[in-house]
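The values are calculated or read from the model by the stated rules, or taken from the named source; none is laboratory data. Since the model is a prediction, treat every value here as computed from it, not as a measurement. Positions of Cβ are backbone-derived with ideal geometry, glycine not excepted, and every protein chain shown enters the neighbour counts. For accessibility, only protein heavy atoms count, side chains too; no ligands or nucleic acids. Shrake-Rupley method; radii C 1.70, N 1.55, O 1.52, S 1.80 Å.
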Amino acid sequence: MHSHLSLSEFRSTLHAKTKQGHPKLKFVTPFSWLFRDSSKPFYGLYDAHTFSLTSNGAFSHSSFVLRGSYKLENARLHVNYTVGPRFAWQYWFWGLWVVAVCGFMMYINRMLYATPQSDNLIPIDCFFVFLLGFAVLTTLRSRKKLEQKFKQVFQIYP
């Protein structure tokens, strides 16, 4: 990918739009809005050739980190980046939640199957499936939103 910005403009934009801090240590708590500065859209680390950024919000967080490098090639700024999970074991953790919710649904269905109220389980199962779907869609949306914000702020094009 390339950027419309020059190398010095890219670095100054990186400095102006990023709050310094390690992206793996960016956590959102219920009281984050009192203590966090969310005026800058990114939170992370950068140096002369590489960067590691995540979104900087007081109310929401991203489970993804945008890691990459930039260099000047043929008078154009070439930017290589990848969007991945914050932690190496994060996909396993998400899978564990899916298995746990499915196991809980099976347990509830098994316990209440023999009762005459077993017809009432359909709304409960639909609710749990909705929660799983909502969590997956929210996670995918945060990844896409982080990448779009990066492309917009740093004027990245293919």
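Considering S39, S3, the condition of being closer than 24 Å to Q155 by Cα, loosely packed, with under 13 Cβ neighbours inside 10 Å and at pLDDT below 90 is satisfied by S39 alone. Please indicate, with yes or no, whether at least one residue in segment 57-74 is free of Cβ contacts under 8 Å to residues at least 12 places away in the same chain and either open to solvent by 60 Å² or more (accessible area, probe 1.4 Å) or touching a helix residue (DSSP H, G or I) at 6+ places or on another chain (Cβ under 8 Å) (or both). Yes, the conditions are met somewhere in segment 57-74.
Closer than 17 Å to F64 by Cα, of a type in the set (K, R) and open to solvent by 70 Å² or more (accessible area, probe 1.4 Å), is that true of K149?
Working: closer than 17 Å to F64 by Cα: yes; of a type in the set (K, R): yes; open to solvent by 70 Å² or more (accessible area, probe 1.4 Å): no.
When the stated conditions are applied, K149 does not pass them.
Would you say V101 is among the β-branched types (V, I, T), assigned to a helix (DSSP H, G or I), over 26 Å from G44 (Cβ atoms) and modelled with pLDDT of 75 or more? Yes: the conditions hold for V101.
Residue pairs whose Cβ atoms lie under 6 Å apart, separated by 6 or more positions or on different chains, with the first residue in segment 131-151 and assigned to a helix (DSSP H, G or I) and of a type in the set (D, E) and the second at pLDDT below 90 and surrounded by 15 or more Cβ atoms within 10 Å (Cβ to Cβ), do not occur. Would you mention how many residues in segment 82-91 are of a type outside the set (S, T, N, Q) and open to solvent by 40 Å² or more (accessible area, probe 1.4 Å)? Matching residues across segment 82-91 total 4.
Being modelled with pLDDT under 85, of a type in the set (F, W, Y) and open to solvent by less than 50 Å² (accessible area, probe 1.4 Å): is that true of F128 here? In short, yes. What pairs come out if I take residues in segment 76-89 that are within 21 Å of S55 (Cβ to Cβ) and pair them with residues that are basic (K, R) whose C-beta lies under 6 Å away, six or more apart or interchain? Going by the 6 Å Cβ cut-off, the qualifying pairs are T82/R67; V83/R143; R86/K24.
Per the listing V65, V83, the residue uniquely touching an Asp or Glu at 6+ places or on another chain (Cβ under 7 Å), part of a strand (DSSP E or B) and of a type in the set (A, V, I, L, M, F, W, C) is V83.
Pairs linking a residue in segment 92-107 that is exposed (fewer than 11 other Cβ atoms within 10 Å of the Cβ) to a residue that is of a type outside the set (D, E, K, R) and modelled with pLDDT of 85 or more, with Cβ atoms under 9 Å and 6 or more positions apart or on different chains, do not occur.
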